[in-house]
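Comments concern the structure below.
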Amino acid sequence: NLYVRGTPGRLDEESIELRYPGLVEKLARHPGIGLVAVRRGESSFALVGKNGTDVHGPDGQRLSGDGGDLLETYADSKVSSRMLAVQIKNYLDIAESGDLVIFSPYEEGRTVDYNYKYTIISAHGGMGGEQMHPFLLYDPAAAPQLRPEAMVDARGLHEALRGILK
């Protein structure tokens, strides 16, 4: 998460570009950055990467793009590009998320880590590979209202667990 200090609320792409021309593009070209997510207006967002820009709607649908699907590298047989886009949109909707959300590159089955001094073993909450595959241990007979297959992100699990506790 990257936050712009001294501004009310969260900034969208246009506001960031006015204050810091070229910032999003420069970040996207950095070798340690795979994608930059930035809000576009009220309900859309853009993903900016080395291979172009994709614009997604509130339902995760890819509205436009000037290259291939930028999320394709991160997706796999269990998590589609569309599901990732929905998760990114949900994350951008959280009040505490940054003005920009930056993702590491994911190449050849691993998250690329350029932090040589404090290398991380895993990227909690990152995109790409096994780190995207959550699991839930529970007894379906004891909690039939839990439907993990219908949950897109942690908010779905949170709502389901709140329903059980009521």
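Observations
- Think of the chain as having a plus end and a minus end, set by charges on the Cβ of Lys, Arg, Asp and Glu; of Gly156, Leu2, Leu18, Leu2 sits farthest toward the positive end of this dipole.
- The chain: C-alpha pair distances exceeding 25 Å, %: 37 percent
- Arg29/Gln145 FRET efficiency (R0 41 Å; Cβ-Cβ; nearest 0.05): 0.30
- Anisotropy class of region 38-96 from Cα gyration tensor, a/c 1.5 cut: oblate
- Carbon + sulfur, % of accessible area of the chain - ligands and nucleic acids excluded, 1.4 Å: 54 percent
- Using alpha-carbon coordinates, inclination of helix 154-165 to the longest axis of the chain, degrees: 30 degrees
- Added length on full extension, which subtracts the Cα-Cα distance from 0.36 nm per residue, Ser64 to Leu136: 22.4 nm
- Nearest-20 debye value, the chain charge dipole, Cβ charges on Lys, Arg, Asp, Glu: 360 debye
- Counting only DSSP H runs of at least 4 residues, each contributing -39500 (n - 2.57), and dividing by the residue count of the chain, the helix-based mean residue ellipticity at 222 nm comes to -6500 deg cm²/dmol.
- Based on protein heavy atoms only, the chain ends up with 63 Å² per residue of surface accessible to a 1.4 Å probe.
- Using alpha-carbon coordinates, inclination of helix 81-92 to the longest axis of the chain, degrees: 80 degrees
The values are calculated or read from the model by the stated rules, or taken from the named source; none is laboratory data. Nothing here was measured: the structure is a model prediction, and the numbers come from that model. Reconstructed Cβ throughout: ideal geometry from the backbone, glycine too, with neighbour counts over all protein chains shown. Areas reflect the complete protein model, heavy atoms only, side chains present, ligands, DNA and RNA absent. Shrake-Rupley method; radii C 1.70, N 1.55, O 1.52, S 1.80 Å.
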